[in-house]
Amino acid sequence: KAGVTQTPRYLIKTRGQQVTLSCSPISGHRSVSWYQQTPGQGLQFLFEYFSETQRNKGNFPGRFSGRQFSNSRSEMNVSTLELGDSALYLCASSRQGPDTQYFGPGTRLTVL
Amino acid sequence: AQTVTQSQPEMSVQEAETVTLSCTYDTSESDYYLFWYKQPPSRQMILVIRQEAYKQQNATENRFSVNFQKAAKSFSLKISDSQLGDAAMYFCAFTGANSKLTFGKGITLSVRP
């Protein structure tokens, strides 16, 4: 089985711009979760989607949003980028929660 | 709210030796999962081992095993016959009913040849 894939792998944006990250889960997995990893805050949960519905949400501002499509692929959007949004964004999928989550390689976002 | 604590930021082990990484957690849930993930320099998060809270038997995966003490809320990882490729950051993580993974701060493991 193919693993979780994330595109793009690297992104450079400037403050005020918006960005969309994509995640394709393992085949058969219906739950997709997003995490932000920074040196200062560590790994933080952003949100989880299951069957096209946001099921859980972390403590992030409304600039961070996501969606899930009928094929379980998920996108995450960050609007009005700030310098502090520079991070590694990890996507993980599982069959249905709670269950083992398998991670993609991440998208490294740099905001200048 | 759940918390996961990894109090040691760094550890070092000689190749072929055994090392134990510590983790404690706090939760009011009775049904949950615990994990150890490895993150090498590539930053890919790799599942090492998982433990279901309802299982009394400690999980093992080849050279990796855990010591799960539910009453003490302790979940340590033992790596036997350490190899150079084991050098990485290791994260202890918890998930309960809400499917959200809560991570510890991680520990950097170095392996001396």
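Derivation of every value follows stated rules applied to the coordinates shown; laboratory data play no part. Not measured: the values here are computed from a predicted model. Cβ placement follows ideal geometry from the backbone for every residue including glycine, while neighbour counts extend to all protein chains displayed.
Looking at region A:6-24, which of its residues are within 14 Å of another protein chain (Cβ to nearest Cβ) and touching a Pro at 6+ places or on another chain (Cβ under 8 Å)? Break it down into steps so the answer makes sense when it comes.
Residues of region A:6-24 that are within 14 Å of another protein chain (Cβ to nearest Cβ), as a first pass: A:6, A:9-10, A:23.
Listed by number, the residues that qualify are A:Q6, A:R9.
Tell me the residue from A:T20, A:T5 that is surrounded by fewer than 20 Cβ atoms within 10 Å (Cβ to Cβ) and closer than 20 Å to B:Y37 by Cβ, please. Don't jump to the end; show me each part of the working.
Details: A:T20 fails: closer than 20 Å to B:Y37 by Cβ.
On inspection, the qualifying residue turns out to be A:T5.
Looking at the structure I just gave you, is A:T80 part of a loop (DSSP other than H, G, I, E, B), more than 8 Å from chain B (Cβ to nearest Cβ) and among the β-branched types (V, I, T)?
Working: part of a loop (DSSP other than H, G, I, E, B): yes; more than 8 Å from chain B (Cβ to nearest Cβ): yes; among the β-branched types (V, I, T): yes.
So A:T80 passes the test.
Could you give me the residue pairs with C-beta distances under 8 Å whose first residue belongs to region A:10-24 and is in a loop (DSSP other than H, G, I, E, B), whose second residue is surrounded by fewer than 11 Cβ atoms within 10 Å (Cβ to Cβ) wherever it lies, and which are 6+ apart or on separate chains?
A:T14/A:L112; A:R15/A:L83; A:R15/A:L112
Test A:E75 against the stated conditions and say whether it is part of a strand (DSSP E or B), closer than 20 Å to B:S99 by Cα, touching a Ser or Thr at 6+ places or on another chain (Cβ under 6 Å) and more than 14 Å from chain B (Cβ to nearest Cβ). Before the answer, list the steps.
Working: part of a strand (DSSP E or B): yes; closer than 20 Å to B:S99 by Cα: yes; touching a Ser or Thr at 6+ places or on another chain (Cβ under 6 Å): yes; more than 14 Å from chain B (Cβ to nearest Cβ): yes.
Answer is yes for this residue.
Does B:A71 satisfy being free of Cβ contacts under 8 Å to residues at least 40 places away in the same chain, away from chain A (no Cβ under 12 Å), small (G, A, S) and out of contact with any His (no Cβ under 6 Å at 6 or more places or on another chain)? Spell out how you get there, then give the answer.
Numbers: free of Cβ contacts under 8 Å to residues at least 40 places away in the same chain: yes; away from chain A (no Cβ under 12 Å): yes; small (G, A, S): yes; out of contact with any His (no Cβ under 6 Å at 6 or more places or on another chain): yes.
It is true that B:A71 is free of Cβ contacts under 8 Å to residues at least 40 places away in the same chain, away from chain A (no Cβ under 12 Å), small (G, A, S) and out of contact with any His (no Cβ under 6 Å at 6 or more places or on another chain).
Any idea which residue in region A:25-43 is nearest to the other protein chains (Cβ to nearest Cβ), counting only those that are in a strand (DSSP E or B) and surrounded by fewer than 18 Cβ atoms within 10 Å (Cβ to Cβ)?
Filtering region A:25-43 down to residues in a strand (DSSP E or B) leaves A:31-38, A:42-43.
Of the ones still in play, those that are also surrounded by fewer than 18 Cβ atoms within 10 Å (Cβ to Cβ) are A:38, A:42.
Values: A:T38: 12, A:G42: 5 Å.
Here the residue is A:G42.
Consider only pairs whose beta carbons are under 6 Å apart and that are at least six residues apart or on different chains; among these, list those whose first residue lies in region A:86-109 and is facing chain B (nearest Cβ under 7 Å) and at positive phi and whose second residue is buried (at least 18 other Cβ atoms within 10 Å of the Cβ) and not in a loop (DSSP other than H, G, I, E, B).
A:G106/A:L88; A:G106/A:L90
Six or more apart or on different chains, Cβ under 6 Å: which pairs go from a residue in region B:16-40 that's at positive phi and touching a residue at least 60 places away in the same chain (Cβ under 8 Å) to one that's in a loop (DSSP other than H, G, I, E, B) and surrounded by fewer than 15 Cβ atoms within 10 Å (Cβ to Cβ)? Could you list them?
Listed by first residue and then by second, the contacts come to B:A16/B:D81.
Consider A:N59 against the criteria (1) within 21 Å of A:Y10 (Cβ to Cβ); (2) within 12 Å of another protein chain (Cβ to nearest Cβ); (3) in a loop (DSSP other than H, G, I, E, B): it satisfies all of them except one. Which criterion is unmet?
Every listed condition holds for A:N59 apart from (1).
How about region A:46-73: which of its residues are touching a helix residue (DSSP H, G or I) at 6+ places or on another chain (Cβ under 9 Å) and touching a residue at least 40 places away in the same chain (Cβ under 8 Å)?
First pass over region A:46-73, keeping only residues touching a helix residue (DSSP H, G or I) at 6+ places or on another chain (Cβ under 9 Å): A:63-64.
Those that are touching a helix residue (DSSP H, G or I) at 6+ places or on another chain (Cβ under 9 Å) and touching a residue at least 40 places away in the same chain (Cβ under 8 Å): none in region A:46-73.
With respect to the numbered conditions (1) among the acidic types (D, E); (2) over 27 Å from B:M89 (Cα atoms); (3) touching a strand residue (DSSP E or B) at 6+ places or on another chain (Cβ under 6 Å), which one is the sole condition not fulfilled by A:E48?
(2)
Among the residues of region B:87-113, write down those that are of a type outside the set (V, I, T), more than 12 Å from chain A (Cβ to nearest Cβ) and surrounded by fewer than 21 Cβ atoms within 10 Å (Cβ to Cβ).
In the first step, residues of region B:87-113 are kept if they are of a type outside the set (V, I, T); the result is B:87-94, B:96-101, B:103-106, B:109-110, B:112-113.
Then drop every residue that is not more than 12 Å from chain A (Cβ to nearest Cβ), which leaves B:87-88, B:90, B:109-110, B:112-113.
Scanning region B:87-113 gives B:A87, B:S110, B:R112, B:P113.
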